[in-house]
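Comments concern the structure below.
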Amino acid sequence: MPYIQINRKLLLMKIHYFLGIGGYAPFSPFMTTILKQRGYSAFIVGLIFMLQPIPGILIKPLIGVITDKYKCRRSVIILSSIITFVLVCLLSIIPGTTSKEEMNDLDVIKSPLFWLFITTIVLINTDGMVKSVIEDTICMDLLGKDKNNYGKQRLWGSIGWSLFAIISGVCIDWYSAGLEYKNYAPGYVIALICFLVDIYVVSKLKVIQETNSNIVASDVKKIFTQGKVLAFLLWVVFIGFFISFIWNFVFWYLEELSNVYHPEMKSWMKSLQGTALLIQCFGGEVPSFFLSSYILKRVNHMTIFSIVFFMFTCIFSVYTIIENPFWALPVELLNGMTFALSYSAATSYAALITPRGAEGTLQGVVGTAYTGIGAPIGSFVGGYMFKHIGSIDSFRLLSVVAFFTCIIQITVNYLINRLTINEDPKDIYSKVETKDDNLEEDLTLT
């Protein structure tokens, strides 16, 4: 009997997550510092990251509805993968400007090069949001009744992200040795190789999509009239808000620490940032994704969210007291855990309450709340705060906001559970035909 058993049905899904998500790592996490190197202020960077997800607010739920109705998930994910490759090619050849001094915000906005760059970034992000809806929906359908095992598939995206991030960081530092500014060409090359191979992988991906299921609009509408579901979406928005600071401003913060306290670290800052992503993914995300199926069977979804909000409080508090960028590395463990636990809980909960045939629709709505509403608001607020009160005070204020959000979320969840303690989930979702035999048990826990 073999010691290692490979589920061939899910193998290509794992490879796609590895390449399709890992392909963004050579440039996406460094985007803040790329923009800073161009001379853009924290306010402009926050504005960019606010505008970046806005098209996805409409695209994510719309693409879910379209693929549910016309049964075209395979075609959409293949086309989306090709578009990603083309757009990253374009991004890699856009002329780069470098500036030691921070440029005037008005001059930046008037620059055609700025708008070409930001448009390409927005299109890459929008296309990535389309892929995330489709790939998560396909994965959930392949898992069938084992939806809590989603994290064991998604962790391969974290592995790819961390590996390609550290490899790219080292290559960028090596390629930029002796230069005044960082040259990100090696990162773009690695990204393009990943996306090119991923096109072939998704073309071979098995897509399970029922052709005889009818989506009843009243079933979907009924889901969004329930207090628990509305509260769930609100907390997803808040998680997106807080996590946007980790995604978009931590590297900016590390470079500020280096400039003020440890200028000797500037020459290998990309390697340090790549190492931070490696720790975040391998130390935090991968174990959390792997254990998420075990955790979600024993801890309800709202409790997971409470834990995540408390972890945000701890993360932002630590950022206010460190001076050496090296000491930010242990914090990356918590950063990885917050994303993995919150994303697994949100995705699995959406799959559990989804009416048959509307899988993409619900995943699109949750994704919109996470990255289409919460994250852009956090990005804009973060840019404003970093520019006007500085990084340290910004994280100090965030720690307080996260703490009170945690308290409010626990209180609201307690009140909702008390008000619905005698409600039978079958009554709440009586018109919704679900695909999971364990739905009743999971809903009573949440």
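The values are calculated or read from the model by the stated rules, or taken from the named source; none is laboratory data. Nothing here was measured: the structure is a model prediction, and the numbers come from that model. Cβ: placed from backbone, ideal geometry, glycine included. Neighbour counts: every protein chain shown. Just so you know, the surface numbers come from the protein's heavy atoms only, side chains and all, with ligands and any DNA or RNA stripped out. Shrake-Rupley method; radii C 1.70, N 1.55, O 1.52, S 1.80 Å.
From Val65, Val45, Val86, which residue is part of a helix (DSSP H, G or I), modelled with pLDDT of 85 or more and open to solvent by 60 Å² or more (accessible area, probe 1.4 Å)?
Val86 is the lone residue from the list that is part of a helix (DSSP H, G or I), modelled with pLDDT of 85 or more and open to solvent by 60 Å² or more (accessible area, probe 1.4 Å).
For region 97-113, how many residues are touching a residue at least 60 places away in the same chain (Cβ under 8 Å) and under 30 Å from Cys194 (Cα atoms)?
Of the residues in region 97-113, 1 are touching a residue at least 60 places away in the same chain (Cβ under 8 Å) and under 30 Å from Cys194 (Cα atoms).
Could you check, for region 402-415, whether at least one of its residues is open to solvent by 10 Å² or more (accessible area, probe 1.4 Å), assigned to a helix (DSSP H, G or I), more than 19 Å from Asn300 (Cα to Cα) and modelled with pLDDT of 90 or more?
Yes, region 402-415 contains at least one residue that is open to solvent by 10 Å² or more (accessible area, probe 1.4 Å), assigned to a helix (DSSP H, G or I), more than 19 Å from Asn300 (Cα to Cα) and modelled with pLDDT of 90 or more.
Give region 133-153 a look and list any residue that's open to solvent by 20 Å² or more (accessible area, probe 1.4 Å) and in a helix (DSSP H, G or I), or say none.
Matches in region 133-153: Asp141, Asn148, Asn149, Lys152.
Could you tell me whether any residue of region 334-357 is more than 24 Å from Leu143 (Cβ to Cβ) and surrounded by fewer than 24 Cβ atoms within 10 Å (Cβ to Cβ)?
Within region 334-357 (the criterion being more than 24 Å from Leu143 (Cβ to Cβ) and surrounded by fewer than 24 Cβ atoms within 10 Å (Cβ to Cβ)), the answer is yes, since at least one residue qualifies.
Anything in region 68-77 that is part of a helix (DSSP H, G or I) and surrounded by fewer than 17 Cβ atoms within 10 Å (Cβ to Cβ)? List them, or say none.
Lys69, Tyr70, Ser75
Could you tell me how many of the residues in region 97-132 are buried (at least 21 other Cβ atoms within 10 Å of the Cβ) and outside any helix (DSSP H, G or I)?
Within region 97-132, residues that are buried (at least 21 other Cβ atoms within 10 Å of the Cβ) and outside any helix (DSSP H, G or I) number 0.
Taking Leu278 and the conditions (1) aliphatic (A, V, I, L, M); (2) open to solvent by 20 Å² or more (accessible area, probe 1.4 Å); (3) modelled with pLDDT of 90 or more, which numbered condition does it fall short on, given that it satisfies the others?
Among (1) aliphatic (A, V, I, L, M); (2) open to solvent by 20 Å² or more (accessible area, probe 1.4 Å); (3) modelled with pLDDT of 90 or more, Leu278 violates only (3).
Take Ile243 and tell me if it is open to solvent by 30 Å² or more (accessible area, probe 1.4 Å) and either within 30 Å of Tyr70 (Cβ to Cβ) or out of contact with any His (no Cβ under 9 Å at 6 or more places or on another chain) (or both).
no
Yes/no per residue for (1) hydrophobic (A, V, I, L, M, F, W, C); (2) outside any helix (DSSP H, G or I); (3) on the phi > 0 side of the Ramachandran plot:
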{"site": "Ile321", "(1), (2), (3)": "yes, yes, no"}
{"site": "Trp327", "(1), (2), (3)": "yes, no, no"}
{"site": "Glu332", "(1), (2), (3)": "no, no, no"}
{"site": "Gly336", "(1), (2), (3)": "no, no, no"}
{"site": "Ser344", "(1), (2), (3)": "no, no, no"}
{"site": "Ser348", "(1), (2), (3)": "no, no, no"}
{"site": "Gly360", "(1), (2), (3)": "no, no, no"}
{"site": "Gln363", "(1), (2), (3)": "no, no, no"}
